[in-house]
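Note sheet for the following structure.
The values are calculated or read from the model by the stated rules, or taken from the named source; none is laboratory data. Everything numeric in this text was worked out from a predicted model, so none of it was measured. Here the Cβ positions follow ideal geometry from the backbone for every residue, glycine too, while neighbour counts run over all protein chains shown.
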Amino acid sequence: MQLRAPLSMVGRMLGLYQLAVIGPIAIGSLGAGVLADLVGIRWSLAACAAVLVAAGAWGLANPVAEIDAGRAPEPVSPGAPAAPPP
């Protein structure tokens, strides 16, 4: 993502990436806490484990070809517009 962004936008892209990674952790923690209050810690942990296993299974069943092929996007030279996704 950072390699495809124009140089002037790299910081903003990194900020959005971190928001996309850290934001769901905070939201999931809040949801797990509410669930633990409602049904108890054991069932809450079991539900979280089931969601984690389901997400892992989905990830294995839906691979990303570009990542699996080991291809990296071409870097953008300073001042050049970002390349459209393939």
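What the table below lists for this structure:
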{"read-out": "The listed residue being assigned to a helix (DSSP H, G or I) and hydrophobic (A, V, I, L, M, F, W, C), out of Ala55, Ala5", "value": "Ala55"}
{"read-out": "Test: residue in the range 60-80 that is modelled with pLDDT of 90 or more, exposed (fewer than 10 other Cβ atoms within 10 Å of the Cβ) and outside any loop (DSSP other than H, G, I, E, B)", "value": "yes"}
{"read-out": "Selected residue [within 19 Å of the chain's Cα centre (by Cα) and at pLDDT 90 or above] from Ala47, Ala57", "value": "Ala57"}
{"read-out": "Output for the range 1-22, where each listed residue is surrounded by fewer than 11 Cβ atoms within 10 Å (Cβ to Cβ) and either under 19 Å from Ile67 (Cα atoms) or under 10 Å from the mean Cα position of the chain (by Cα) (or both)", "value": "Gln18, Leu19, Ala20, Val21, Ile22"}
